[in-house]
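Below: the structure, in structure tokens.
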Amino acid sequence: MTTTYTPPKQGAKVIIVGGGSFGLSTAYALSLKKYNVWVFDRNTIPSADASSTDINKCVRMDYGADTLSMQLTMEAFPHWHQWNRERAEMGLSPVFHNTGSLLLCKGNKLSDYERLSIQHVREAGYGHTIQEFLTPESITERFPEFKDAVASGYHCAYLNTAAGWCDSSETIKHLYKKCLDNGVHFITGYNQGAFEKFIFNNIDNQTVQGIQTRDGTQHVADHVILAAGPWTASLLDFGGRLQATGQAVIQFKPPQAFIEKFKHAPVYGIDISHTGFYGFPINAEGKMKIASHSVGYVNPWQQQEKNSEDNVSVPRTQVSHQGDTIPVKAVHHFRQILAEFMPETSNWDISYSRVCWYSDTPDGKFLVTPHPNYNNLIVASGDSGHAMKFTPNIGFKIAQVVEGIESDYSRAWAWRDHKGDMMTSSDGTRNITSKPLTLGVGEARMASADDLKSKQKSKL
Ligand SMILES: Cc1cc2nc3c(=O)[nH]c(=O)nc-3n(C[C@H](O)[C@H](O)[C@H](O)COP(=O)(O)OP(=O)(O)OC[C@H]3O[C@@H](n4cnc5c(N)ncnc54)[C@H](O)[C@@H]3O)c2cc1C
């Protein structure tokens, strides 16, 4: 049953479920418009297992054919720089690190994703941010830290000087403070902050009257925004439009000599449109993160709730499963690609690993839209693994959707049907060649401490 969405009136009470990147960004934008904004989160913020809680995420405008996301990053950059100024005034470290991002390709030609990105960035008037390195010598001269990668056949690359990485947990803390300063109310914690169910008007069944939290308390609201990241799909029926997929992340603690060699390194893509792998400079704590933007893993609900008919994938994290690592298959993939790209890593133990969760849509575009069955419920999710960079400005676009204002964004992120059952990537950076494996089973069983050790030490 489809119903007509009614935007909130000024001063209306708006509940936002989820205090991650989407939820907080929206809370901040709405607080500037004088709504009465309440954010609920099942954890204290930053939530330990949220996808936005991490040491770093890439901030890039290079988006292949996805020019809308490119434009949104271009709009985000001034905010990132402003947030750095705010942090400096408070004596805090920057949230955005403008290291540039170097997209390396295997062979002598840039791939379609890189070529399209350059073309669109230039056409948008940002050509001054692009530097191409189309011979092996030009790469090693400018980036000696990638000498081994060049020797393994990564012979062309381009740098986008505007890009870099954000300290994602600090970003969330910064935005949380901005929300508090602006009068946003927060209810957080395992019992009082956790959304359990909606309260519906039992006459029309189309109006959400509020939410009930795990402790049984009912909270009334004029409007509700569901922004629970990868948990969103398990809170309401989306008819397959959202799916939580887990992505493997590893960290090394490189030795001092490597830290010295790598001290000017940018964020880097390891022929990303073919492999899905990318990595980061070493942070102030000596941690180097490498991640995989791939088809990922699922954790079907049925596996946990044997009686349930529902087959929705729910995040399995180190909060729900202490001691979890990443699948053995993922360890093999990381080791295999890094053996040629950054051979030193073969001698290092993986110091930390984690499965971090995306809220995927089949086409890789966000789902930010009124839910068609209710007249006052907005969904703000479907990040598809690439929304952290928009944390400072996505809330302004979501607020427009809440207020019923149409834009290119509202049209791209609308409620939509999908053909086929394979996921695609909005920009071609994601390595999707098969269906996701079930986490914890077979090749996707969790790696042991021994599996994470360096090649010499591990029995892998
Ligand atoms: C491995 C990995 C790498 C990534 N790399 C990048 C990158 O390089 N660049 C980039 O731009 N993006 C990246 N992303 C994507 C980015 O992290 C996400 O797009 C972004 O964090 C999505 O924010 P969110 O608010 O939707 O979800 P989250 O940040 O997960 O927030 C959801 C919130 O909802 C809360 N919640 C859940 N259930 C409930 C409930 N029942 N009641 C109350 N609260 C609830 C959670 O506690 C959490 O705080 C990456 C993601 C992952 C997993």
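The values are calculated or read from the model by the stated rules, or taken from the named source; none is laboratory data. Fair warning: this is a prediction, and the values are worked out from it, not measured in the lab. Because the Cβ atoms are built from the backbone with ideal geometry, glycine has one as well, and the counts that use them run over all protein chains shown. What goes into the accessible areas is simple: the full protein's heavy atoms, side chains included, and nothing from ligands, DNA or RNA. Shrake-Rupley method; radii C 1.70, N 1.55, O 1.52, S 1.80 Å.
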Of everything in region 382-419, what is over 15 Å from the mean Cα position of the chain (by Cα) and among the aromatic types (Phe, Trp, Tyr)? Give them in sequence order.
Phe396, Tyr409, Trp413, Trp415
Tell me which residues, restricted to region 1-50, are part of a loop (DSSP other than H, G, I, E, B) and touching an Asp or Glu at 6+ places or on another chain (Cβ under 7 Å).
Pro7, Pro8, Ala12, Gly18, Gly19, Ser47
May I ask you to say which residue of Ala27, Ala65, Ala12 is more than 7 Å from the ligand (Cβ to nearest atom) and open to solvent by 20 Å² or more (accessible area, probe 1.4 Å)?
Ala65
Going by the structure shown, is Ser169 away from the ligand (no atom under 16 Å from the Cβ), assigned to a helix (DSSP H, G or I), more than 30 Å from Thr2 (Cβ to Cβ) and of a type in the set (S, T, N, Q)?
no
Anything in region 216-248 that is within 9 Å of the ligand (Cβ to nearest atom), open to solvent by less than 30 Å² (accessible area, probe 1.4 Å) and in a loop (DSSP other than H, G, I, E, B)? List them, or say none.
Ala227, Ala228
Filtered residues of region 79-109 (kept if among the polar types (S, T, N, Q), open to solvent by less than 70 Å² (accessible area, probe 1.4 Å) and touching a strand residue (DSSP E or B) at 6+ places or on another chain (Cβ under 9 Å))
Asn84, Thr99, Ser101
Pick out the one residue from Lys419, Lys397, Lys389 that is basic (Lys, Arg), within 10 Å of the ligand (Cβ to nearest atom) and either over 22 Å from Val208 (Cβ atoms) or open to solvent by 20 Å² or more (accessible area, probe 1.4 Å) (or both).
Lys389
Considering only residues that are of a type in the set (S, T, N, Q), over 11 Å from Val224 (Cβ atoms) and either away from the ligand (no atom under 15 Å from the Cβ) or touching a His at 6+ places or on another chain (Cβ under 7 Å) (or both), which ones fall in region 179-212?
Asn182, Asn201, Asn202, Asn205, Gln206
